[in-house]
């Protein structure tokens with residue numbers, strides 16, 4: 001039986017981790033054996049529900065000795081479990097996996113998940129381990145172009161864009177929990193008679209919460225309430241910066257902070273507008289397609305993956321990265337749209353996500369790639 005091994009640092013939370021579990025499920029459903037190597041984490045139980053064998057190994061360590069030791073251990077695992085293909089999803093474990101595969105003549109592919117930091121020659125050399133795969137999956141065309149531009153990569157046949165997917169069975173109106181919504185509205189004193197604008201994402205500077213607040217000071221609409229959803233870095237004073245700005249501009253009655261929640265479906269259901277205000281390009285931007293799957297209008301910064309997931313002025317709206325004036329104008333515009341026009345955009349958004357950014361589409365494309373490489 002064909003055996004596929006995925007490898008990543010940890011299984012705690014995040015898009016890489018979710019994607020690994022989604023593919024583990026597809027691997028077993030395709031009749032293959034599924035294995036994952038990681039240093040463990042709270043999502044291991046979820047992984048095991050896919051009939052995948054988890055092998056715990058400290059592949060998160062950047063210690064050079066550990067990386068070499070892990071290469072030896074992975075080679076043993078490949079031999080013991082008759083692994084046919086290794087799929088690396090992060091740089092440090094990719095180093096170990098690459099050497100293990102090279103020594104055992106095992107097929108090796110990677111997924112380039114993000115814009116890895118670092119402009120120095122040393123850092124670029126480290127990042128370029130992700131370009132050693134027989135095939136390199138890019139999560140957006142933006143990332144594909146980033147690789148070509150920043151790494152002088154010319155082997156275009158190696159690059160394959162497979163967009164990340166959203167679970168349409170989860171982000172669906174049928175899953176809305178109305179009692180839970182009522183609980184949230186009461187607990188956080190969210191008014192029921194105002195238009196709700198939601199900005200989901202970790203509360204950190206590059207996610208653009210301050211940029212969003214600056215835009216709110218420039219809109220003409222008053223019948224709105226904004227919810228900023230996400231966890232705060234305890235070592236950062238950014239949250240204080242936001243609350244100071246809110247107080248200085250008398251916005252406190254219009255803004256609510258909520259911690260990150262698991263059931264975003266309920267929050268998206270309440271939203272009239274969903275904002276993605278990242279100050280630097282995101283590789284993909286999962287919240288955009290989650291909201292789109294729910295038929296919600298998204299306003300997003302015009303860079304990165306957002307330019308692929310949103311059809312501007314049809315399924316949502318894009319605004320210039322350096323212009324909170326333009327964001328303000330777009331918010332005002334959407335809040336004034338007649339119901340008939342809103343419904344058209346919302347339906348177009350749902351259809352666009354369903355056709356192009358579903359988990360099933362992502363899983364099918366990746367399984368087909370495995371089969372192509374293994375000549376199955």
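Within this structure, residue 246 fails the test of being surrounded by 15 or more Cβ atoms within 10 Å (Cβ to Cβ), assigned by TED's automatic domain parsing to the domain that holds residue 316 and not in a helix (DSSP H, G or I). When restricted to residues that are in contact with a helix residue (DSSP H, G or I) (Cβ under 7 Å, 6 or more places away or on another chain) and buried (at least 19 other Cβ atoms within 10 Å of the Cβ), segment 6-21 contains 6. Do we find that residue 160 is assigned to a helix (DSSP H, G or I) and at pLDDT 95 or above in this structure? Judged against the criteria, residue 160 is not a match. Exactly one residue out of 120, 169, 182 is at pLDDT below 95 and under 21 Å from the mean Cα position of the chain (by Cα), and it is 169. Considering segment 34-136, the qualifying strands (runs of 3 or more DSSP E), each wholly inside and each with 3 or more residues that are in contact with a helix residue (DSSP H, G or I) (Cβ under 7 Å, 6 or more places away or on another chain) and touching a residue at least 12 places away in the same chain (Cβ under 8 Å), run over 85-88, 107-112.
Can you pull out the residues in segment 19-33 that are in contact (Cβ under 8 Å) with a residue 24 or more places away in the chain and farther than 18 Å from residue 59 by Cβ? Answer for segment 19-33, where residues must be in contact (Cβ under 8 Å) with a residue 24 or more places away in the chain and farther than 18 Å from residue 59 by Cβ: 22, 25, 26, 27, 28, 30, 31, 32, 33.
Quick check on segment 176-189. Is at least one of its residues in a helix (DSSP H, G or I), assigned by TED's automatic domain parsing to the domain that holds residue 259, over 13 Å from residue 271 (Cβ atoms) and in contact (Cβ under 8 Å) with a residue 24 or more places away in the chain? For segment 176-189, residues in a helix (DSSP H, G or I), assigned by TED's automatic domain parsing to the domain that holds residue 259, over 13 Å from residue 271 (Cβ atoms) and in contact (Cβ under 8 Å) with a residue 24 or more places away in the chain: present. Against the criterion of being in contact with a helix residue (DSSP H, G or I) (Cβ under 7 Å, 6 or more places away or on another chain) and over 19 Å from residue 298 (Cα atoms), residue 204 qualifies. If I filter segment 124-134 for residues that are farther than 26 Å from residue 82 by Cβ, surrounded by fewer than 16 Cβ atoms within 10 Å (Cβ to Cβ) and at pLDDT 90 or above, do I get at least one hit? Within segment 124-134 (the criterion being farther than 26 Å from residue 82 by Cβ, surrounded by fewer than 16 Cβ atoms within 10 Å (Cβ to Cβ) and at pLDDT 90 or above), the answer is no, since none of the residues qualifies.
The residues in segment 246-295 that are without any contact (Cβ under 8 Å) to a residue 12 or more places away in the chain and either touching a strand residue (DSSP E or B) at 6+ places or on another chain (Cβ under 8 Å) or at positive phi (or both) can be counted, and the count is 1.
The values are calculated or read from the model by the stated rules, or taken from the named source; none is laboratory data. Because the structure is predicted, anything quoted here is derived from the model rather than measured. Quick reminder, even Gly has a Cβ in these numbers, built from the backbone with ideal geometry, and neighbours come from all protein chains shown.
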